[in-house]
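The values are calculated or read from the model by the stated rules, or taken from the named source; none is laboratory data. Just so you know, these numbers come straight off a predicted model, no measurement behind them. Neighbour counts run over all protein chains shown; Cβ positions are idealised from the backbone, glycine included. These area figures cover heavy atoms from the full protein model, side chains too; ligands, DNA and RNA do not enter into them. Shrake-Rupley method; radii C 1.70, N 1.55, O 1.52, S 1.80 Å.
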Amino acid sequence: MAAGDASATSSSATPYPDRLREALDVLSQACESGVCDALEAASFTVSEIVDAAAAMSAEADDGRDDGDATAAARVSEEMLREVHEFLSRPSSNQMAIDALSLVLPKHVAKLGAQIGGCWDLAAAILKFFVMNCSPRDMLSILCEALDAAMDVPNDSSSFVLLLNALAKVLTLIQRRHIEQVKVALPVVLKVMCTTVQECDEEHGNAVVDLFNAAHEIGNAIQEMCKAVVNKNKDLCAILGLYSLQIIALVSQSRQQDILSACGSVVLQHFRFLKSSGFTYLGLLTGSDATAATDKLSKEDNAEFLEWFSLATDGASLTVLWTFMYDAMSKYAGEELELALKEVQGNYMKKWEAINMLKCVLSSISYPWIIKSHGINLLLSLTGENHVQEINNHVDFTFYVPRTFATLKAIESVMMGAPEALMRKKAFAALKKVISMVPSSQRFNILQALLSNSMSPSLTAILLDLVRDEVLRESRQAENDCAESDGLPPWASHALELVELILRPPQGGPPCLPDHSEQVVSALNLLRFILIIDSRGPRSGKLFQKETLQKVHSEWLIPLRPIVSRIQSENERGDSELANQILCSLNPVQLVLYRCIELVEEKIKGC
């Protein structure tokens, strides 16, 4: 027992390079003997030694002692040199090479992440395995190594080494290309998604290296497309979706200057899109991403397609990057401008393009610079600020849920953008998109937005848009000399929205002074409708007496004592908060009393 302990202690005290050298000698002897069990045992011994050295290096690298990290890097470099020299010997046995290829790639990649000459040696070892072992076997081995490496945080350097090796393997695949690509890409995209989410600005350069490695994977797939007779369409569809997914992930990376750091990467993947048959028209409307997905969904590809969940985002983002990045804009030439003109001239394609931007604008994963260009694109797509009456002849039902989601996304930019100019542009985009909705659906959209608004300020803004719509509809009715029994649809819809604020669905009066903004906007809308009813050829024809009495007794009169009580309470105070409450309440009081006067006058006239 004591002898065994002494032997173990002596072995652990031996430097890692010496232990590795001894293990490699044992491996050579096992190959010569041809005993499979001995060969397997020797290869695992080599793996354990290299793994232990990698763990020691990682521990030293995480510490604060630069001297320990430098010493560990020297040991790592010596270990890698031993492996490389062993593999490079003319007398190297293929059995030994195959055995080491099964166990070493993951550990070699870990050691390669160290400073000094480790990287080049690790890359050379992985390349040796790729060139001297079965490509199909190496593809599985490298995918397994990538999957295992994800257990180590901030290990992007190891990922880059393994991805570069995987790209070389893919170029060596001679048959069943799609089958092998379907094995590799889920692992690649899993690595990319995980790393992008975990890395912050401090790891910016490492993430760019990872994106460049992902580009090499795309290069390999593109070479496959060229090598296959008649250019396999499914393979091109996969390359297109892969590029869109990577562009979306690039756009999510937290870089201090995302344009200079990642612009060239996006341009590289845009070239893949072009070679796969994607066009700006198809990117704007999302039709190319949909076509590629449909092409692959015909087979049993449901799980595979889940890895391209951001492909639709990537289509919109590719267009936005063309506006953002000069080199990409030059490469695109006039194609984007021509595609924009075609979309602007086609009602259905315009809505497809508008609704394509909802995910990019609503997601917290994309930076404000990208969202800013998204708002600019929306303003470009909607064109001049006018209402298209021809829209009423189009069935808009299919677009309602998607348009609502798009408007909510624009709202999120309007309320959350850090710059006033961007918030102003978002508001302009909101108004333009709403104005494009057919008038038969416009009030429904506005009511849905109001019902789902969580901000009194936003609710007030939306009510002001309703007032603009009331003005437009009332003028249109006057021009058409339209006659109707009771309230016309536009007035009925508007009053429903007023009631939504003054008589909340959850019961009770509106919350004052917290909701003063939306209350004063609702009162102003009511006052506006009452004034419209007092003028023009249809004067006094909008409201029946029962409606007026309901407005007076259920909406307005209950508000009066609440406003008076809050005002009285805060007039006695002399704090800054009390003054703010009075300032917010004064407009409510003024408009409320004016509405009561107008309603009472109309009741007397009935």
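Which value, in Å², gives the accessible area per residue of the chain when a 1.4 Å probe is used on the protein heavy atoms?
For the chain, the per-residue accessible area is 46 Å².
How high is the FRET efficiency between residue 254 and residue 604 when r is their beta carbon distance and R₀ equals 60 Å, given to the nearest 0.05?
Efficiency, rounded to the nearest 0.05: 0.40.
Taking trypsin sites (Lys or Arg not before Pro) as candidate sites, keep only those in a DSSP loop with at most 14 other Cβ atoms within 10 Å, then name the longest stretch of the chain containing none of them.
Answer - 299-534.
Tell me, what is the FRET efficiency for residue 347 and residue 301 to the nearest 0.05, using R0 = 25 angstrom and their Cβ-Cβ distance as r?
Result of the calculation: an efficiency of 0.15.
So for the stretch 139-345, taking the charge dipole from beta-carbon charges (+1 Lys/Arg, -1 Asp/Glu), which of 264, 323, 139 sits furthest toward the positive end?
Positive-end residue among those listed: 139.
Spin-label point model (7 Å from Cα, Cβ direction): what's the residue 134 to residue 560 distance in nm?
9.1
Given 0.36 nm per residue, what is the gain on full extension from residue 338 to residue 147 after removing their alpha carbon distance, in nm?
Gain on extension, residue 338 to residue 147, equals 64.4 nm.
How large is ³J(HN,Hα), in whole Hz, for each residue of the stretch 243-252 in order, when computed from phi with the Karplus curve 6.51 cos²θ - 1.76 cosθ + 1.60 and θ = phi - 60°, using x for Gly and Pro?
With coefficients 6.51, -1.76 and 1.60, one gets 5, 5, 5, 5, 4, 5, 5, 4, 5, 8 Hz.
Express the relative contact order of the chain as a whole percentage, based on alpha carbon pairs under 8 Å and six or more residues apart in sequence.
7
For residue 237, what is the net charge nearby, where nearby means another residue's Cβ is under 10 Å from its Cβ and Lys, Arg count +1, Asp, Glu -1?
Within the 10 Å Cβ shell, the charges total -1.
In degrees, nearest 10, range 0 to 90: what is the angle between the Cα axis of helix 36-62 and the longest Cα principal axis of the chain?
The helix 36-62 is inclined about 50 degrees to the chain.
For helix 576-605, what angle does its Cα long axis make with the longest principal axis of the chain, in degrees from 0 to 90 and rounded to 10?
50
Of the labelled options (1) 24.3; (2) 32.1; (3) 29.2, which one gives Kirkwood radius over Cα pairs in Å as computed for this structure?
(3)
Of 455, 311, 507, which is farthest on the positive side of the dipole of the chain, counting Cα position, with +1 on Lys and Arg Cβ, -1 on Asp and Glu Cβ, and the Cα centre as origin?
507
For the chain, find the longest principal axis of its Cα atoms and tell me its angle to the long axis of helix 258-275, 0 to 90°, nearest 10.
80
Once you keep just the Cα pairs under 8 angstrom separated by 6 or more residues, what percentage relative contact order results for the stretch 139-345?
The normalised contact order for the stretch 139-345 reaches 21 percent.
Please report, in debye to the nearest 20, how large the charge dipole of the stretch 16-133 is about its Cα centre when each Lys and Arg carries +1 at its beta carbon and each Asp and Glu carries -1 there.
360
Please list 3J(HN,Hα) in residue order for the stretch 93-101, calculated via the Karplus relation 6.51 cos²θ - 1.76 cosθ + 1.60 where θ = phi - 60°; whole Hz, with x for glycine and proline.
8, 4, 4, 5, 4, 4, 5, 6, 5
May I ask you to give the percent of accessible area on the chain that is carbon plus sulfur, with a probe radius of 1.4 Å?
On the chain, the fraction of accessible area on carbon and sulfur atoms equals 50 percent.
Give me the dipole magnitude in Debye, nearest 20, for the chain about the Cα centre, with unit charges on the beta carbon: positive for Lys and Arg, negative for Asp and Glu.
With Lys and Arg at +1 and Asp and Glu at -1, about 2780 debye.
Would you kindly state how much longer the chain becomes between residue 291 and residue 472 on full extension, computed as 0.36 nm times their sequence separation minus their alpha carbon distance, in nm to one decimal?
In short, 61.1 nm is gained.
Shape call for the stretch 139-345 from the C-alpha gyration tensor, a ≥ b ≥ c root eigenvalues: rounded (a/c under 1.5), prolate (a/b greater than b/c) or oblate?
The shape class here is oblate.
Taking 0.36 nm per residue of sequence separation and subtracting the Cα-Cα distance, how much length would be gained by fully extending the chain between residue 400 and residue 94, in nm to one decimal?
103.7 nm
Counting only GluC sites (Glu not before Pro) that sit in a DSSP loop (anything but H, G, I, E, B) with at most 15 other Cβ atoms within 10 Å, what is the longest stretch of the chain containing none of them?
The longest such stretch corresponds to 1-298.
Around residue 452, which amide H atoms from residues at least 5 apart in sequence, or from another chain, sit under 5 Å from its own amide H, with H modelled in the peptide plane?
Placed amide hydrogens put nothing under 5 Å from residue 452.
Residue 431: which lysines have alpha carbons under 25 Å from its alpha carbon, excluding same-chain residues fewer than 8 sequence positions away?
Excluding near neighbours in sequence, the set is 341, 349, 350, 358, 371, 408.
Sum -39500 (n - 2.57) across every DSSP H segment of at least 4 residues in the chain, then divide by the residue count to get the 222 nm mean residue ellipticity, nearest 500.
Taken over the chain, the calculation gives -25000 deg cm²/dmol.
What distance in nm separates the two pseudo spin-label positions at residue 309 and residue 577, each 7 Å out from Cα along the beta-carbon direction?
Computed distance between label sites residue 309 and residue 577 equals 4.3 nm.
If you place +1 on the Cβ of every Lys and Arg and -1 on the Cβ of every Asp and Glu, how big does the dipole about the Cα centre of the stretch 139-345 come out, in debye to the nearest 20?
It comes to approximately 860 debye.
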